[in-house]
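These notes concern the structure reproduced below.
What follows is calculated from the coordinates using simple rules that are stated; it is not laboratory data. Bear in mind the structure is a predicted one, so any value in this text is a computation, not a measurement.
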Amino acid sequence: MPRNPETVKTLVTGGAGFIGARCAALALESGHEVTVLDDLSTGLRSRFDALEAAGARVVLGDVRDANARASALEGVDAVIHLAAQGSVPRSMEDPEATMDVNVHATDRLLEDMEERGLYRLVLASSAAVYGDVDGLPHTEDLVGARQSPYADSKWANEQAVLRRRQQGWEAIALRFFNVYGPGQRSEGPNTGVIPIFVKKMCAKEAPTLFGGGSQTRDFVHVDDVARLLVRLASDAWSHPPRAVYNVGTGKQTSLLELVQTLAAALRARGLKGDHLIPLMGPARSGDLDHSMADLAAITADLGWRPTVSLDDGLGELIDARLGHGV
Ligand code: NAD
Ligand code: UD2
């Protein structure tokens, strides 16, 4: 059924997180009534406060808690489910806790939605489900052996989405590749290589490349991800043929290239020095070699393409860090 964004009441779980806060802010700007649910385990109180000030209803609570879910789901008609234990190393240390949050709580959330007659779900999966798959780019139907409980948990989420679609839900899972952009933390369990390198190199510290730097990633900007999430929560669905779509750029960038791009951008802004040359560290255990999304399906079925180039995205982060303003 066509929906008017001005009347869509959207719940963003994990709304105080990196992607969730950007998504909730964009949903508000687009005219949604927004509720965010977050337990602030890795999310930030400041993001909660900013969203509340912008008009969101905020629910401080754990998605595992039935009362918190009930409160968050009140009056909602679409759910963007991002709350998760998102750290691969943490999932190795404590697989049960990861399964509890990512799988069991998601299953409970879907049951609660069903009870309320709520059938629109947009869920965050991860490129982690590809595991050690051979061949690039990664197409949605080719997956390898999963390498972590985190990857298993996202796979289980995708299966839940498939089952719900068979019951007629408007449900979709998005396999995010390496999301980066403003607001991503440079510390903590859920950080990423880009905020770490930007912070270090702007502070005149050399970055360390783990394992040589020839490994590649597909870095996608958070604004492109947020735009897609908000659209899928509100648009009329022509029922996309797939339950699962890649969300990346279709480009691979080696870590060495990443450092070189950052170094060139810093030199262009007058920063010079040895810290622009990376140090070499041992490979991180469990690291993937190469990762790149195939975008044919999402482009054909949903008409989505990323718009922010890596050069522009990195330049924006550097300018913000150096106080040049963006
Ligand atoms: P994030 O850690 O910044 O956001 C997750 C949010 O969920 C946090 O605010 C956290 O406090 C909240 N949360 C965690 N457990 C909760 C619980 N039990 N109850 C309520 N809230 C809880 O991470 P992010 O990068 O914004 O990731 C968002 C989603 O995207 C996650 O599902 C993650 O697995 C997925 N993802 C992210 C990336 C990436 O590159 N950042 C890549 C693949 C998938
Ligand atoms: C990403 C996701 C993770 C999961 C995983 C699935 C992010 C932030 N994380 O992990 O949630 O979905 O994909 O495979 O998107 N590196 C360095 N030096 C540093 C830090 C990192 O060389 O100081 C390397 C690291 O060894 C890796 C690459 O940078 O080869 C990317 O690391 P990451 O932690 O940003 O993301 P990734 O791909 O391991």
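Residue by residue through the range 276-288, which ³J(HN,Hα) values in whole Hz follow from phi under the Karplus form 6.51 cos²θ - 1.76 cosθ + 1.60 (θ = phi - 60°), with glycine and proline marked x?
Each residue of the range 276-288 in turn: 7, 9, x, 8, 10, x, x, 4, 7, 5, x, 5, 7 Hz.
Looking at the square roots a ≥ b ≥ c of the eigenvalues of the Cα gyration tensor of the range 195-326, which shape do they give, rounded for a/c under 1.5, prolate if a/b is larger than b/c, or oblate? It would help to have the intermediate numbers written out before the result.
Values: a/c = 3.09, a/b = 1.69, b/c = 1.83.
Oblate, since a/c reaches 1.5 and b/c is not below a/b.
Would you mind computing the Rg to Rh ratio of the range 33-152 from its alpha-carbon coordinates, Kirkwood style for Rh?
Details: Rg = 16.0 Å, Rh = 15.8 Å.
Computed over Cα atoms, the ratio is 1.01.
Report, by chain and number, residues whose modeled amide H sits under 5 Å from the one on HIS138, excluding near sequence neighbours (fewer than 5 apart, same chain).
Here the answer is MET292, ALA293, ASP294, since their amide H atoms fall under 5 Å of that of HIS138.
On a 0 to 90 degree scale, rounded to 10, what angle separates helix 193-202 from the longest Cα axis of the chain?
Result, in degrees: 40.
With θ set to phi - 60° and the Karplus curve 6.51 cos²θ - 1.76 cosθ + 1.60, what are the ³J(HN,Hα) couplings of the range 140-156 in order, to the nearest whole Hz, using x for Gly and Pro?
Values per residue, Gly and Pro as x: 4, 8, 10, 10, x, 6, 6, 9, 7, x, 4, 4, 4, 5, 6, 4, 4 Hz.
Starting from the Cα gyration tensor of the chain, take the square roots of the eigenvalues, sort them a ≥ b ≥ c, and report rounded, prolate or oblate (rounded when a/c is under 1.5, otherwise prolate if a/b is larger than b/c, else oblate).
Working: a/c = 1.70, a/b = 1.46, b/c = 1.17.
It is prolate, given that a/c is not under 1.5 and a/b is the larger ratio.
Could you calculate, for the range 1-74, the ratio of the Cα radius of gyration to the Kirkwood radius, expressed as Rg to Rh? Working shown, then result.
On the way: Rg = 11.7 Å, Rh = 12.0 Å.
On the Cα set of the range 1-74, Rg over Rh gives 0.97.
Where the centroid of each part is defined by its Cα atoms, how far is the range 1-71 from the range 170-218 in Å?
So the two Cα centres are separated by 24 Å.
Show me, for the range 244-253, the HN-Hα J-couplings you get by feeding each phi into the Karplus relation (A = 6.51, B = -1.76, C = 1.60, θ = phi - 60°), rounded to Hz, glycine and proline as x.
9, 10, 6, 10, x, 10, x, 10, 10, 10
Check which residues have an amide H placed less than 5 Å from ALA171's amide H, if you skip close sequence neighbours.
LEU121
What Kirkwood radius, in Å to one decimal, follows from the Cα pairs of the range 247-294? If you can, show how the numbers build up before the last one.
Working: mean 1/r = 0.0774 Å⁻¹.
Evaluated on the range 247-294, it is 12.9 Å.
So what is the 222 nm mean residue ellipticity for the chain from helices alone, if each DSSP H run of at least 4 adds -39500 (n - 2.57) and you divide by all residues, rounding to the nearest 500 deg cm²/dmol?
On the way: 12 runs with 126 residues, N = 326.
Here the helix-only value at 222 nm equals -11500 deg cm²/dmol.
Rounded to whole Å, give me the distance from the Cα center of the range 95-142 to that of the range 291-312.
Centre-to-centre (Cα) distance: 20 Å.
Near LYS199, which aspartates and glutamates are there with a Cα under 15 Å away, not counting those fewer than 8 places off in the same chain?
Straight-line reach from LYS199, under 15 Å: GLU187, GLU316, ASP319.
Taking amide H atoms as placed 1.01 Å from N in the peptide plane, list the residues 5 or more away in sequence, or in a different chain, whose amide H sits under 5 Å from that of VAL8.
HN-HN under 5 Å from VAL8: GLU33.
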